[in-house]
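The structure under discussion appears below in the form of structure tokens.
The values are calculated or read from the model by the stated rules, or taken from the named source; none is laboratory data. All of these numbers come straight from a predicted model, not from anything done at the bench. Ideal geometry is used to build each Cβ from the backbone, glycine not excepted, and the neighbour counts take in all protein chains shown. For accessibility, only protein heavy atoms count, side chains too; no ligands or nucleic acids. Shrake-Rupley method; radii C 1.70, N 1.55, O 1.52, S 1.80 Å.
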Amino acid sequence: MAPKDAALPEPSFRESVDIMFNRAVALMDLSPGLEEKIRVCNATYTVRFGVRLRGAIHTFVGYRSVHSEHMEPVKGGIRYATGVNQDEVEALAALMTYKCALVEAPFGGSKGGLCIDPRDWEEHELEQITRRFAYELAKRDLINPSQNVPAPDMGTGEREMAWIADQYRRMNTTDINSAACVTGKPVNAGGIQGRTEATGRGVQYALQEFFRHEEDKKAAGLSGTLAGKRVVVQGLGNVGYHAAKFLSQEDGSKITGIIERDGALHDEDGIDVDAVRDWIVKHGGVAGYPDASHRVNGAELLEIDCDILIPAALEGVINMSNAERIKAPLIIEAANGPVTAGADEILQKKGCVIIPDMYANAGGVTVSYFEWVKNLSHIRFGRMQRRAEEARHELIVSELERLDDMLEHRWSMTPDFKQKYLRGAGELELVRSGLDDTMRSAYQAMREVWHSRADVKDLRTAAYLVSIRKVADSYRAKGL
Ligand code: NAD
């Protein structure tokens, strides 16, 4: 949320999403009725339930919003945080609608949340609370494989998703598709390989695609590749950790700043992401980490000189009170809504390029889609084809080896070619391939609009145009 002491009035998260939506639809020719239908959130269910814990009854408040049902099931994560409220859940549900449309995941948009700090509770207590919340949602079909399929978000992960899936299964003992009622489950409980890291992996693929386009790099005043680029990441949770890990370990980027709840770490020579993650697990925060300088006011680090800024924690962290001081020429919104509508305008004027949330963090829902399909088809991806693929590759390799013998070894294969080529794609390879393809195609759809229309000045507006067009077409096809 935006800081209370912001000098200028800041719209709420939902208002911010609406402002950005309005900017985009002003460039479209939708009828006012259809425009309004797409903008509004269809329904928000609020539930208050009591759980007996530590000898007393504790009341919890939860939400599940359904933004758009132009496609069903609707999809969106469940967040556990003390700041959860109706405005936030509705904003996140709207973003899910646009995100799913942009990456062509066949879902409407939804989101849920529970006002709770998960760190306040023991694991068995959290299980009781989660199961009760799941019960309240499932009995109203707000968790259902064909109507509403949650996933992890801030404060939740595969553990919570496994509890939710089990709770649904207990309530629907004859539903053969019960595993598809939620995604982001552990692999041994119906999940899919590569889901945990999918959102961070998607951020990496998005940046790789951005860096393939000279014109786009030029717009941000950047050049070259991701190697050596100085990256600051806010939030070393699921999304931020995986994005920072892959960028530093696979693309050669330097993580020069890590911002967490209890301050920030800074080192221009690069910070070891895994070492910091281990430190946080052991000590509960970044303070005291020995191999980088620590500052208590973490948010200040958003403003340091760097090449790429990755906000991967909360919404509204880049707002009208600090936007002017942000130096990064490229921001990739790994979190949902980290840049407010007002800040977005300021940053655009400064020439900063923003890769918008609805695209940047769509890796999660993309792989969730694969998981849902896997659950409905009741078979792991690659199970049927893998060995057949290997057998065909074996044919080619043995033919090459025969020629090699005939030519008396005047040429030979690269040492690890055989081993690499022979290997048929398993589930993880297929998930990565599907995710990479999705991130590339969606980026290309956005940049096409960005560069071909003089009235579209930024990637966010382009993203909205692409996705609103798809949602509108789908409503029109339904006869609305
Ligand atoms: P998470 O709970 O795993 O991690 C959040 C991290 O941010 C934690 O390490 C937390 O300590 C840190 N944090 C919290 N408040 C902070 C603050 N004020 N300053 C700095 N750091 C702070 O959550 P996540 O799943 O990584 O989600 C992060 C963002 O990504 C959210 O906006 C979420 O909606 C979005 N997102 C997540 C997924 C997913 O698959 N998990 C998918 C799409 C979008």
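For segment 243-275, a tally of residues being within 11 Å of the ligand (Cβ to nearest atom) and either of a type in the set (D, E, K, R) or touching a Ser or Thr at 6+ places or on another chain (Cβ under 7 Å) (or both) returns 3. Among the residues of segment 221-236, those that are out of contact with any Cys (no Cβ under 7 Å at 6 or more places or on another chain), open to solvent by less than 30 Å² (accessible area, probe 1.4 Å) and either hydrophobic (A, V, I, L, M, F, W, C) or assigned to a loop (DSSP other than H, G, I, E, B) (or both) comprise L222, L226, K229, V233, G235, L236.
Residue pairs whose Cβ atoms lie under 9 Å apart, separated by 6 or more positions or on different chains, with the first residue in segment 446-475 and closer than 18 Å to V17 by Cβ and of a type in the set (D, E) and the second surrounded by fewer than 22 Cβ atoms within 10 Å (Cβ to Cβ) and modelled with pLDDT under 95, do not occur.
So which residues in segment 312-335 are under 26 Å from F211 (Cβ atoms) and more than 15 Å from the ligand (Cβ to nearest atom)?
Once the filter is applied, which keeps residues that are under 26 Å from F211 (Cβ atoms) and more than 15 Å from the ligand (Cβ to nearest atom), segment 312-335 yields A323, R325, I326, K327, A328, P329, L330.
Residue count for segment 163-189 satisfying the condition of being out of contact with any Gly (no Cβ under 8 Å at 6 or more places or on another chain), over 14 Å from P73 (Cβ atoms) and either part of a loop (DSSP other than H, G, I, E, B) or open to solvent by less than 50 Å² (accessible area, probe 1.4 Å) (or both): 10. For segment 336-364, the set of residues classified as over 23 Å from F211 (Cα atoms) and part of a helix (DSSP H, G or I) consists of A341, G342, A343, E345, I346, listed by residue number. If the condition is being part of a strand (DSSP E or B) and open to solvent by 10 Å² or more (accessible area, probe 1.4 Å), then segment 131-155 contributes N144, P152.
Does L309 satisfy the criteria of being open to solvent by 10 Å² or more (accessible area, probe 1.4 Å), in contact (Cβ under 8 Å) with a residue 40 or more places away in the chain, over 20 Å from C100 (Cα atoms) and within 16 Å of the ligand (Cβ to nearest atom)? Taking the combined requirement at face value, the residue does not satisfy it. Here Y369, Y421 are screened, and the one residue that is of a type in the set (F, W, Y), outside any loop (DSSP other than H, G, I, E, B) and within 16 Å of the ligand (Cβ to nearest atom) is Y369.
Give the residue that is farthest from N22 (Cα to Cα), with candidates limited to residues of segment 64-103 that are away from the ligand (no atom under 13 Å from the Cβ) and among the acidic types (D, E). Residue satisfying both the conditions and the ranking: E72.
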